[in-house]
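The next block holds one structure in the form of structure tokens; read it before the comments.
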Amino acid sequence: MPARSIFRNKMARKRTAILISGRGSNMTALIEAAKDPTYPAEIVLVVSNRPEAGGVSRAAAEVIATEVVDHTRFPKDREGFERALQSTLESHRIEIVCLAGFMRVLTTWFVSRWSGRLLNIHPALLPAFKGLDTHRRALEAGASEHGATVHFVVPEMDSGPIITQGAVPVRRGDTEEMLSKRVLKIEHRIYPIALRLVASGQARMVDDRCVIEGSVDAAEAAFLPAH
Ligand code: GRF
């Protein structure tokens, strides 16, 4: 292989799509991180299942390709929706998919196609508080800590290997809104770290574990699982 193509291969940034359903603040955090030319992922596509999602116009303003795969066009046909999603991702030659507030449950068919290359952010310290309404449930449970987790997606919801996790304190008198704002800040910090680790090949899904190799910045190491 000529030296120039080796260099190009080494530098190739992973073509990444972000799937959203709403305002897209995590999407924005990933887009901002990927503006650094040394960041190993390039955000080349944003897909929304909702035409009205605020994140779509935010992404378009950043001159990133956007697509809408409207799930309501596939009533009672989850597979049809996912096939349309898959062909959109293939047509943009996507290598990594980040779910960021994407409010559709994905089937094994889709998840297995993207195994090890499909990431999700969940607003809780998994395995605590899987599912919806995590902030309300954390307050009701009297948790002293709450937070967010980025994990590889597996067919079982909110259960894949943890890549990064960040905690915040729950304060006396917190409302759901106050707590969610505090958690969102940590989300914006840990998602770019997780994508960087996966896109660079430093973090890999091996069976039910996330294996991290090579050296990690001390400030970022605090967000990685202890094993
Ligand atoms: C975030 O809290 C994320 O953890 C959850 O949905 C929310 C999406 O927010 N999955 P945004 O659209 O990224 O602002």
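Screening segment 13-107 for helices (runs of 4 or more DSSP H) wholly inside it with 3 or more residues that are within 16 Å of the ligand (Cβ to nearest atom) returns the ranges 25-33, 54-61. If the condition is being away from the ligand (no atom under 12 Å from the Cβ) and open to solvent by less than 60 Å² (accessible area, probe 1.4 Å), then segment 170-193 contributes 170, 174, 192, 193.
Screening the candidates 116, 142 for the property of being open to solvent by 10 Å² or more (accessible area, probe 1.4 Å), more than 18 Å from the chain's Cα centre (by Cα) and more than 16 Å from the ligand (Cβ to nearest atom) yields one hit, 142.
Would you say residue 15 is modelled with pLDDT under 95, more than 17 Å from residue 121 (Cα to Cα) and not assigned by TED's automatic domain parsing to the domain that holds residue 185? Even if it seems obvious, please write down each step before you answer.
Numbers: modelled with pLDDT under 95: no; more than 17 Å from residue 121 (Cα to Cα): yes; not assigned by TED's automatic domain parsing to the domain that holds residue 185: yes.
No.
Of the helices (runs of 4 or more DSSP H) lying entirely inside segment 108-227, those containing at least 3 residues that are small (Gly, Ala, Ser) and within 21 Å of residue 20 (Cβ to Cβ) span 176-199.
The values are calculated or read from the model by the stated rules, or taken from the named source; none is laboratory data. Fair warning: this is a prediction, and the values are worked out from it, not measured in the lab. Cβ coordinates were reconstructed from backbone atoms using ideal geometry, including for glycine residues, and neighbour counts include every protein chain displayed. What goes into the accessible areas is simple: the full protein's heavy atoms, side chains included, and nothing from ligands, DNA or RNA. Shrake-Rupley method; radii C 1.70, N 1.55, O 1.52, S 1.80 Å.
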